[in-house]
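**Q** The structure that follows is given in the form of structure tokens.
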Amino acid sequence: MPETLMNRMSWVAYRDRVQDGGSPVFLPVGATEQHGPHLPLGTDALLASAVSESAARLVDGIVAPAFAYGFKSQPKCGGGNHFCGTTSLDAQTLAAQVRDAVREFARHGVTRLVIVNGHYENQWFLIEGIDLAMRELGPTSPLTVMRLEYWDFFTPETLAKVFPDGFPGYALEHAAVMETSMMLHFHPDLVRLDLIPDDPPADFPPYDIYPTRTDWVPPSGVLSSAKGASRDKGQAMADEVAKLIATAVRTEFGLGPAL
């Protein structure tokens with residue numbers, strides 16, 4: 001199998017793959033953010049990278065080093081920026097980083113770029129960075145960018161199996177069953193099942209207050225219980241999302257069948 005990770009390739013090998021072979025490049029984007037006492041601060045970037053690598057293997061793709069910092073953690077979907085270790089970027093900083101990276105990949109000769117988001121709060125600032133870069137590159141640029149949140153590829157059938165008592169929604173799934181299960185699959189050595197808290201699901205009002213009411217957030221930072229997490233669930237989700245992302249990449253970029 002050809003090398004998948006960009007940072008393990010020489011510049012010559014990378015050039016030949018993207019310029020002559022047209023290999024799609026995956027750019028994972030995550031965050032450095034608390035994920036309760038049982039998951040590491042780097043969970044978002046670790047999962048975005050792992051998903052990217054799994055999908056890239058199916059389409060002869062290359063995975064660039066991840067952006068490990070994201071937009072500010074929000075109480076209703078990430079616990080909030082008040083937790084020690086959560087290290088966030090301003091919106092314009094994240095957008096500028098994405099703009100610069102997209103522009104650089106275009107300069108390399110990349111024509112197929114897939115930005116894989118692993119942090120709920122990043123979405124609109126990734127879009128802004130892509131838009132700014134594409135505006136600079138102009139309509140004659142051969143670059144096409146696909147942007148996605150990996151969790152959007154889970155099917156209702158899989159979600160029903162993972163959440164037999166009902167899916168609480170992606171925002172409340174922060175550091176809960178989904179992320180814990182996938183970390184058990186990809187990075188089991190980084191998961192502390194014995195430290196999973198038993199807090200009830202967070203119950204947020206339909207508005208925000210500034211300064212943030214930190215007492216709205218469970219002290220653990222976990223927004224709904226991760227007690228139902230398992231490695232088997234993680235593998236099922238990981239296999240599905242890799243296959244469906246690879247299918248989308250092959251379809252949008254006119255690539256051949258799966259390797």
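**Q** Being in contact with a strand residue (DSSP E or B) (Cβ under 8 Å, 6 or more places away or on another chain) and closer than 24 Å to GLU157 by Cβ narrows it down to one residue among ALA229, ALA236, ALA248, ALA176; which is it?
**A** ALA248 is the lone residue from the list that is in contact with a strand residue (DSSP E or B) (Cβ under 8 Å, 6 or more places away or on another chain) and closer than 24 Å to GLU157 by Cβ.
**Q** Which pairs do you get when a residue that is touching a residue at least 12 places away in the same chain (Cβ under 8 Å), found in the range 7-23, comes within reach of a residue that is hydrophobic (A, V, I, L, M, F, W, C) and in a helix (DSSP H, G or I), reach meaning Cβ atoms under 7 angstrom, with the pair 6+ apart or on two chains?
**A** Listed by first residue and then by second, the contacts come to TYR14/MET6.
**Q** Within the range 133-153, which residues are surrounded by 16 or more Cβ atoms within 10 Å (Cβ to Cβ) and part of a loop (DSSP other than H, G, I, E, B)?
**A** If the condition is that a residue be surrounded by 16 or more Cβ atoms within 10 Å (Cβ to Cβ) and part of a loop (DSSP other than H, G, I, E, B), then LEU143 is the only one that fits.
**Q** Pick out the one residue from GLY61, GLY78 that is of a type outside the set (A, V, I, L, M, F, W, C) and within 30 Å of PRO201 (Cβ to Cβ).
**A** From the options GLY61, GLY78, the qualifying one is GLY78.
**Q** Restricting to the range 224-259, name every residue that is polar (S, T, N, Q), surrounded by 15 or more Cβ atoms within 10 Å (Cβ to Cβ) and within 24 Å of ARG147 (Cβ to Cβ).
**A** Matches in the range 224-259: THR247 only.
**Q** Would you mind telling me which numbered condition in (1) over 24 Å from GLY30 (Cα atoms); (2) surrounded by 14 or more Cβ atoms within 10 Å (Cβ to Cβ) ARG213 fails?
**A** Among (1) over 24 Å from GLY30 (Cα atoms); (2) surrounded by 14 or more Cβ atoms within 10 Å (Cβ to Cβ), ARG213 violates only (2).
**Q** Another one. Just the residues that are aliphatic (A, V, I, L, M) and assigned to a helix (DSSP H, G or I), please, taken from the range 89-120.
**A** ALA91, LEU94, ALA95, ALA96, VAL98, ALA101, VAL102, ALA106
**Q** A follow-up question, please. Give the range 1-35 a look and list any residue that's part of a loop (DSSP other than H, G, I, E, B), of a type in the set (A, V, I, L, M, F, W, C) and surrounded by fewer than 16 Cβ atoms within 10 Å (Cβ to Cβ), or say none.
**A** Hit for the range 1-35 is MET1, nothing else.
**Q** Taking VAL110 as meeting all but one of (1) surrounded by fewer than 17 Cβ atoms within 10 Å (Cβ to Cβ); (2) closer than 21 Å to ILE62 by Cα; (3) in contact with a helix residue (DSSP H, G or I) (Cβ under 9 Å, 6 or more places away or on another chain), write down the number of the exception.
**A** It fails just one condition, (1).
Only the coordinates and a few stated rules stand behind these numbers; no lab work does. Small disclaimer: the values here were computed from a predicted structure and weren't measured. Ideal geometry is used to build each Cβ from the backbone, glycine not excepted, and the neighbour counts take in all protein chains shown.
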